[in-house]
1. Right, residue A:64: open to solvent by 10 Å² or more (accessible area, probe 1.4 Å) and more than 14 Å from chain C (Cβ to nearest Cβ) or not?
2. Small (Gly, Ala, Ser) and without any contact (Cβ under 8 Å) to a residue 40 or more places away in the chain: is that true of residue D:377 in this structure?
3. Based on this model, can you work out whether residue B:118 counts as part of a loop (DSSP other than H, G, I, E, B) and either in contact with a helix residue (DSSP H, G or I) (Cβ under 6 Å, 6 or more places away or on another chain) or open to solvent by 50 Å² or more (accessible area, probe 1.4 Å) (or both)?
4. Could you tell me which numbered condition residue C:162 fails, if it satisfies all but one of (1) open to solvent by less than 10 Å² (accessible area, probe 1.4 Å); (2) within 14 Å of chain D (Cβ to nearest Cβ); (3) not small (Gly, Ala, Ser)?
5. Restricting to segment C:104-119, what's the tally of residues that are buried (at least 24 other Cβ atoms within 10 Å of the Cβ) and within 17 Å of residue C:155 (Cβ to Cβ)?
6. Looking only at segment D:393-431, which residues are open to solvent by 10 Å² or more (accessible area, probe 1.4 Å), of a type in the set (A, V, I, L, M, F, W, C), in contact (Cβ under 8 Å) with a residue 40 or more places away in the chain and not in a loop (DSSP other than H, G, I, E, B)?
7. For segment A:30-53, enumerate the residues that are touching a residue at least 12 places away in the same chain (Cβ under 8 Å), part of a helix (DSSP H, G or I) and at the interface with chain B (Cβ under 7 Å from one of its Cβ atoms).
Amino acid sequence: MSELFSNFFSGSIPMEAYLGISLIMFFAGVYGFLTRKSLLMILISIELMLNAADINFVTFNRYLYPERLEGFYFTLFTIAIAACETAVAIAIIINIYRNLNSVEVGNLDQMKE
Amino acid sequence: MAEQIIFYVLAVIITVFSILAVTSKQIIRSATYLLFVLLGTAGLYLLLGFSYLFAVQIAVYAGGIMVIFIFAILLTNRPGENVKSELPIRRLVALVTSVAGLAFCGHIIYWNVKKVIQLPLMEELTPQKLGHIMMGTDKYQYLLPFEMISILLLACIVGAIMVARRR
Amino acid sequence: MQYTLLILVLPLLSFIVLGLVDSKWKPKVAGTIGTIVLGIITALSYYTAFEYFTLHKVAGVYEKVIVYDMEWLRFTDALHINLGILLDPISVMMLVVISTISFMVNIYSLSYMDGEKGFQRYYAFLSLFTFSMLGLVVATNIFQMYIFWELVGVSSFLLIGFYYTKPSAVAAAKKAFIVTRFADLFFLIGILILSFYTKTFDFTILTAEHTTVFAGTTGITFMGFSVLSWAMAGIFIGGAGKSAMFPLQIWLPDAMEGPTPVSALIHAATMVVAGVFLVARFFPVYYFQTPEVLHGIAYVGAFTALFAAVIACVQTDIKRVLAFSTISQIAFMMVALGVSGYEGHEGTGYMASMFHLFTHAMFKALLFLGAGSVIHAVHSNEIKDMGGLRKYLPITNWTFLIACLAIAGIPPFSGFFSKDEILSASYEFSPFIGGLMTFVAALTAFYMFRLYYSIFWGKDYTIKASSHGHDDHGAGHTPHESPFAMAFPLIFLAAVTCVAGFIPFGEFVSSTGADYHIHINLTVAIVSVVVASISILIATMMYRKQSTTPDKLAKIFSGLYKGASNRFYIDEVYMFITKNIVFNNISRPIAWFDRHVIDATMDGFANTTQWVSLRIKGFQSGQLQQYAYVFLFGTLLIAVLLFIF
Amino acid sequence: MDYSSFLQMREELSLIGVMIFLLIFDIFASKNLIKYFQPIAFVLFAVHIILNCVPRDAFEVAGGMFQYHPMQTYIKTILNVGTLIVLLQAHKFLNNEENKIKRGEFYFLIFSTLLGMYLMISSGNFLLFFIGLETASIPMAALVAFDKYKNNAAEAGAKYILSAVFASSISVFGISLIYGSTGTVYFSDLATLITGTPLQIMAFVFFAVGLFFKISLVPFHLWTPDVYEGAQTNITSYLSVISKGSAVFVLFTLLVKVFGNLIDQWQPILWGLAVISITIANIFAIRQKNLKRFLAFSSISQAGYIILAIISGTAIGMTSLVYYVLVYVFSNLAAFGVLSVIEERTGKVALDDYNGLYQTNPRLSFVMMLALFSLAGIPPFAGFFSKFFVFAAAIDQGFYVLVFIALLNTIISLYYYLLVIKAMFLTKSETPIELIKSDFPLKLSLVICTMGIMLIGLFSAIYNQIAVFGFGI
């Protein structure tokens, strides 16, 4: 902790601070996924989780391995993948809305046991 | 000093809005909070010196994904109707698990990453350089994934249209 | 002797052809083809036997001939699986037995199964079964044997469940399959352990007299027994499953729901003796390496023999009587193997076991086919629906009587000779086992004649209304003798039963391959014949009543006991002792135990699984978020556990 | 900038060629030509299979991002053949009036997921791997929701995509930590850099669950039965066979190639997962009344058996795994083929509906029986040999207890497989499913499967051929 304060005044940001933000974002996403009732909100939670991984990549790249841009490009492609996945997921959710007239996840339990 | 202040402001924004985004009762608010989180993330990228990523984050997430989200929300949401919340006991269980996971992962990560405080020097990322890396076929160059992701995008478009279009 | 390959290839071809054409050919055509192929195989087997026993005797010992050997799967350099044909006295003998019985059953089925739906497929399955059984006995290595072993199980499953759609048949096929598979699990484990330590599957290496392959197992023990003992015990359990040894015998009586010719082929003569064959195949290993397991086999066999014989006394379904009798007789063979020594006169048990296998196959198939003929005539399996049939079914009557005399051990029929050898081997091992086996032999004579008299003598056959019988036959007709296609196998097998006892069996089959001269142990022989005769006498007195046309045999017996004492008085004492004491207090409780305790244990396993399944269904709630929660929890749990340990 | 090295990626390029051609053909072909869409697709795809079925020498593209090894040709060919069988089985379904219009999409999506699996198999870099993983799962979600007007299909689609994305976000978070602790995502560099620090172990667990999800091991399997039930049957078979087959192969290669140093960590994980997967799936399978769910649980337990090959981590294990997948493709597709044709014609999927199937459809029930026997591992059908080899591979490395538990479970599994056989052959029904005339492609597919089930076990050359390349990664 004392490091954090001394760093604060010496004008540098430790890497753990970035990683901490991404972790909080990730587990906020996990919590959202487990508790939200609407399919769209679940999707929002997933965006948070993916975004957290992106921050990790960029942070590690910048702090630890600045000589190459692997984390940078990984993030770039992950953003694209997130877009793909959102598009298909939303298409499916809209389809569910048409069929069931609702986007509540609680309605999705016709199949069980 | 200015960097610190910006960082901690962004950190607070991201943390607070992340939590709000997954707890807010109204879906449209949730989406807005998510937008703030994404913009905050873009800010972090800028702070780390990746201005290109900043642009992509804003263009794709804020400009693309959020638009789809809001479109979908408006399509499926009946105004004035709040989303029901999960049973309190389940929320509690999920909360405990998430916090436990957070503590566990945080512990492992904090004690096992290299401690770096100062941002190391990095040569400037010119668009030419980025483009060269993107279009190259050697190690640490990314033409192959670029081509492949274009096929993924095409497949997703085809799939999404097939599912979403009417009869 | 390359032509022996044909013995395997022909039934396989027959199966493929008949299976493919299915209902495109007329039933008669398919049946004829199947039967002709079996005829060729039988001829080939006989020729193989002739050539083998005349040509391959080196220095007075029948050598093991590997006619054909192909490396099939190379697992590691040391361990590979071959496919081939191994000829030695017991496999040649089995070839003869299997092809003969199978041929007879094929002929018999032409008439018995006539008009059944799926006649062609029935013949296809018969060919498949014959193929797998033949492949089993000529296997050069334990792995090949295991494959054919399972294939035998599959084809038997197909045949049991073939055409009877009674609810009881539904369970029977499944039960037979699962029980034997359960036993095969131990077989497989035995194979894995054995091959792991010896690095070979090959029978010729494993059963060589002075082999060193077991050197690697010395000193390695598990729970007090050597690993080799565990392996060999596992292999025996596999054999016990197929051969219906206690407590795995539960499937065999139920399997009687299959068509009767199938019972004759599979559940009397061939498949059920596979376990005996297996133990015989491994006999040198059992004898030299794990004698304690061999003795265990003897005791298991003795107990099974007694157990099954006692139950057989109270069964009322004629096929079930025969089923329990089969269990009992196979147990005789197991006992003989278990008590056997190795060389010369010591090896009587081994020889006797194989001899009994041979003779039993013939007369038990005869009994089943006879029973089939009876069932064909009266359309019922129950004793109460029969009686006085001898005038309607003369051929069946006589052949059945011959078989009964054979199984009871009355000279000069074949069963006498083989059973006598078993008894004398048992007496040499321990008087207790010997005495026990003699008692079982007496019981055998009793329940077989109880069956015989109940079917062919006793009360007159009454023609019943349409309560029984198939629709296509119409009810209320007079029972009539079976057509020639069914009568011929009966006559043939009866003839074999009459003469087989005089085959100098020891000259062909013995534990070392060397000649062995059968000496009839007169004391044992006389005792067993006397005991069997007394049992038959008791059965005669109890069940021959209401007879109107006494025949020769009956005269001898009736003279004997009429002269001895007051007939009715003794009869009633006998009735009291047997009905009230033996039946009600011994046999019935044992039968009840068999049905309720042993069966229920098996069912219990199934029910427990069902119960657990019902308890945990909540996990599959259909709710996405619960799934995700389990997912996350699993992930974190794995991670945390990794750090704790 | 030398792009010519890309030409070495023949499998991927020719598949992309087929995809693009079919897409364009579907859009622009005239009314007369469009009738031949499916035959053309079959022929093109068959040509693609034949062109790519011969192993070549190992090579790398794009600086090791794409790594080819001859063993991959085997697994890709197996997946190809499986896909072809699925397409043949879907022929009739896609010729229905309501689905005709979506035919092109169906093929395009199937092929793009297949391409994703190719990428997963051949990738030498986590980035390409992740793209492959997503290409294999996102279009799959669209396929699961293919019957979009059916509530069950829509529900299954949503469950699938949300679960899949949840799994892959955990997985990508793991990859980010791996990157953080090593500084690279190239497999060849990672092998030495992964030394077993706590961070790497945690990262590995996070990453691996993404694959466990795809293989559907307990407890990451809960989505499986629901999605299998809801999806159209041909998609289900594709999901259960091809998707799973590629994932197990990839899991094995990654465990050995990248996480070889963590063997002390992943062996116990796999041990536990194999045991609970086989057991729990068996217990659930017994109580299923719906055949699709039944086969879902059956495939979960099959996945548990495959883990026995992976856990050994040896060349024998690899050979056994490829062999197992090969056999599993034929057995499972035969079962699903029968299921799909019956569901397609009558809409019946309950176990009770199969009562007395043998009376009316002897051939279909016969194929089903062979398939179930093979799945249960009864000799001489191919399934026995594949099980035997995975057991032997595990025994070879000393996993006796695991093998014993697995063997005991084969008895339980036999019980429920026989339940189906019993229903078809022995239980009499007043109203059995009527006689079903299957079309030529379906017949062809079932014949291929039957031949596979009957013959693969008997030709040792197949196993030996696979064994030639040993590890093959």
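The values are calculated or read from the model by the stated rules, or taken from the named source; none is laboratory data. It should be emphasised that the depicted structure is a prediction, and the values quoted were computed from it without experimental measurement. Note that we place each Cβ from the backbone using ideal geometry, even for glycine, and neighbour counts take in every protein chain shown. Surface accessibility is based on the protein's heavy atoms, side chains included, excluding ligands, DNA and RNA. Shrake-Rupley method; radii C 1.70, N 1.55, O 1.52, S 1.80 Å.
1. Considered against the rule, which asks whether it is open to solvent by 10 Å² or more (accessible area, probe 1.4 Å) and more than 14 Å from chain C (Cβ to nearest Cβ), residue A:64 comes out as yes.
2. yes
3. Judged against the criteria, residue B:118 is a match.
4. Result: residue C:162 passes all but (1).
5. 3
6. Across segment D:393-431, the qualifying residues are D:405, D:412, D:419, D:425.
7. A:30, A:31, A:32, A:40, A:44, A:45, A:47, A:48, A:51
Results for (1) more than 26 Å from residue C:331 (Cα to Cα); (2) open to solvent by less than 60 Å² (accessible area, probe 1.4 Å); (3) outside any loop (DSSP other than H, G, I, E, B); (4) at pLDDT 80 or above, shown as yes or no for each residue.
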{"site": "C:437", "(1), (2), (3), (4)": "no, yes, yes, yes"}
{"site": "C:470", "(1), (2), (3), (4)": "yes, no, no, no"}
{"site": "C:480", "(1), (2), (3), (4)": "yes, no, no, no"}
{"site": "C:487", "(1), (2), (3), (4)": "yes, yes, yes, yes"}
